[in-house]
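Below you'll find the structure, written out as structure tokens, and then a few comments.
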Amino acid sequence: MEAIEIPDFSQSEKQLLSELTFKSRIQSVKYIIENYNLNTIPNTNKIFMKSLVTTFFLLFASVTCFSQSIDFENKYNTLMENLESENWVKSEQFCKDLLKYAESVDSMQTEKRVLRYIYIYSNAGLLNERKITKEEALKRTKYLRGEEMIMPAHPFNSNCYTNCIHITEEDNNTFFSGVNNSTATQIFSFEYVKIEKGIKESKNELEGKLITLKGTLNEISVEGNMLPRFKLKFINGDYKVE
């Protein structure tokens, strides 16, 4: 089983990646994959896990460059390691601590939007491993209703339900994401993002493109028995196509 090792970036590399991230997060992901030997990936689910971890890492590039909180940076790096290894107990703990810190800092708007999503994602992992019940999973996360979040990039695929995005049949202005673990053996969440200004491109134009979604969590529930999962509905959505 292949795993991603986050490079030990120099300060100048962090500065470069920070600037790239502000321009385009997906281009930053591509840059790392192409320049740090992350381009031999055996299947799309591992592509997703690499993209997820790398996207989360890049979203915090400015923090690792400019934050004066060494403790925050160290905890964030540890969070990324545990996300990659799918150690949901530790990722939930570290994410909870980081989110508690970030929520009180006005300048960390991007960080808190990302961490909110990671927190639900980590609890979805715990739920699938039967380490928490459906009731506990909802109790831990329902306070995030009404909060803005940023989700990792997924490829658009009209015929896919595993770690990908397509447009719902019911509404041409709503994206659907089926989110799984890296081996696609567990279902983490069904996510619906209503795009406030409407989806401009056709399905053919979006096919194969990477899409990053953000929105305000309007509804959260936990459903399913054999394969328990979150159901997330977002409003005021926006998207970026790469």
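The values are calculated or read from the model by the stated rules, or taken from the named source; none is laboratory data. On a predicted model such as this, the values are computed, not experimentally measured, just so you know. Neighbour counts are summed over all protein chains in view; Cβ atoms, including those assigned to glycine, are modelled from backbone coordinates with ideal geometry. Accessible surface is based on the protein model in full, side chains and every heavy atom, while ligands, DNA and RNA are left aside. Shrake-Rupley method; radii C 1.70, N 1.55, O 1.52, S 1.80 Å.
How many residues are open to solvent by 10 Å² or more (accessible area, probe 1.4 Å) and assigned to a helix (DSSP H, G or I) when one looks only at the stretch 85-111?
Residues meeting the conditions: 12.
From Y119, Y76, Y101, which residue is over 24 Å from S221 (Cβ atoms), hydroxyl-bearing (S, T, Y) and in contact with a Lys or Arg (Cβ under 9 Å, 6 or more places away or on another chain)? First the steps, then the outcome.
Numbers: Y119 fails: over 24 Å from S221 (Cβ atoms); Y76 fails: in contact with a Lys or Arg (Cβ under 9 Å, 6 or more places away or on another chain).
Residue meeting the stated conditions: Y101.
When the residues of the stretch 137-155 are filtered to those that are open to solvent by less than 50 Å² (accessible area, probe 1.4 Å) and of a type in the set (A, V, I, L, M, F, W, C), which remaining residue is nearest to V89 (Cα to Cα)?
A137
For the stretch 163-171, state whether one or more residues are in contact with a Phe, Trp or Tyr (Cβ under 9 Å, 6 or more places away or on another chain) and on the phi > 0 side of the Ramachandran plot.
Yes, because at least one residue in the stretch 163-171 is in contact with a Phe, Trp or Tyr (Cβ under 9 Å, 6 or more places away or on another chain) and on the phi > 0 side of the Ramachandran plot.
For the structure I just gave you, tell me whether E92 is at pLDDT 85 or above, within 23 Å of L217 (Cβ to Cβ) and not hydrophobic (A, V, I, L, M, F, W, C).
For E92, the condition - at pLDDT 85 or above, within 23 Å of L217 (Cβ to Cβ) and not hydrophobic (A, V, I, L, M, F, W, C) - is met.
Pairs please, first residue from the stretch 171-193 and free of Cβ contacts under 8 Å to residues at least 40 places away in the same chain, second anywhere and assigned to a strand (DSSP E or B) and among the polar types (S, T, N, Q), Cβ atoms under 9 Å, 6+ apart in sequence or on different chains.
Matching pairs, first to second residue: S177/S189; G178/S189.
For the stretch 156-189, how many residues are open to solvent by less than 20 Å² (accessible area, probe 1.4 Å), part of a loop (DSSP other than H, G, I, E, B) and farther than 23 Å from S122 by Cα?
Counting residues in the stretch 156-189 that are open to solvent by less than 20 Å² (accessible area, probe 1.4 Å), part of a loop (DSSP other than H, G, I, E, B) and farther than 23 Å from S122 by Cα gives 1.
Kindly indicate whether E219 is outside any strand (DSSP E or B), among the acidic types (D, E) and surrounded by fewer than 20 Cβ atoms within 10 Å (Cβ to Cβ).
No.
Tell me the residue from D97, D106 that is farther than 15 Å from E148 by Cβ and either of a type in the set (V, I, T) or modelled with pLDDT under 95 (or both), please.
After applying the criteria, what remains is D97.
When A124 is evaluated against the numbered criteria (1) open to solvent by 80 Å² or more (accessible area, probe 1.4 Å); (2) touching a residue at least 24 places away in the same chain (Cβ under 8 Å), which criterion, by number, is the only one it fails?
(1)
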